[in-house]
Amino acid sequence: MVDRRGHDLNAWIGRTRREGSPALRSFAAGLVRDLDAVTAGLTLPHSSGAVEGHVSRIKMLKRQMYGRANFDLLRKRVIHAG
């Protein structure tokens, strides 16, 4: 699926439901629940990877500062870190 072939997803899900292991069948069932979003993620060139990286960085800073300082210091670290 690294070639952005979201249109092949339905065929893969069908094969997995017929021939796959129980774990893969469960995974395929989860994909079907949100099939439009999964297909779009495998088809469209857009990515939220950069945003997710910033969110992870902010969460890490928040964990490091838990119980140590107030919001003002956390805000300064978020703005000036990176």
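Laboratory data are not the source of any read-out in this text; all were calculated from the coordinates shown. It should be emphasised that the depicted structure is a prediction, and the values quoted were computed from it without experimental measurement. Neighbour counts are summed over all protein chains in view; Cβ atoms, including those assigned to glycine, are modelled from backbone coordinates with ideal geometry.
Once each part is reduced to its C-alpha centroid, what is the distance from the range 41-69 to the range 1-38 in angstrom?
Centre-to-centre (Cα) distance: 27 Å.
Counting helices only, and only those DSSP H runs with n ≥ 4, report the 222 nm mean residue ellipticity of the chain as the sum of -39,500 (n - 2.57) divided by its residues, in deg cm²/dmol to the nearest 500.
Here the helix-only value at 222 nm equals -22000 deg cm²/dmol.
Which value in nm describes the separation of the simple spin-label points at residue 29 and residue 12, placed 7 Å from the Cα toward the beta carbon?
2.0
With a cap of 10 neighbouring Cβ atoms within 10 Å, and only residues DSSP puts in a loop, list the chymotrypsin sites (Phe, Trp or Tyr not before Pro) found in the chain.
Taking the chain and a limit of 10 other Cβ atoms within 10 Å, the loop chymotrypsin sites (Phe, Trp or Tyr not before Pro) found are 66.
How long is the gain from residue 5 to residue 44 if the chain were fully straight, where each residue apart is worth 0.36 nm and the alpha carbon distance is subtracted?
Between residue 5 and residue 44, full extension yields an extra 13.1 nm.
Compare the Cα positions of 39, 74, 6 along the charge dipole of the chain (+1 at Cβ of Lys, Arg; -1 at Cβ of Asp, Glu; about the Cα centre) and return the one farthest towards the positive end.
The Cα lying farthest towards the positive end belongs to 74.
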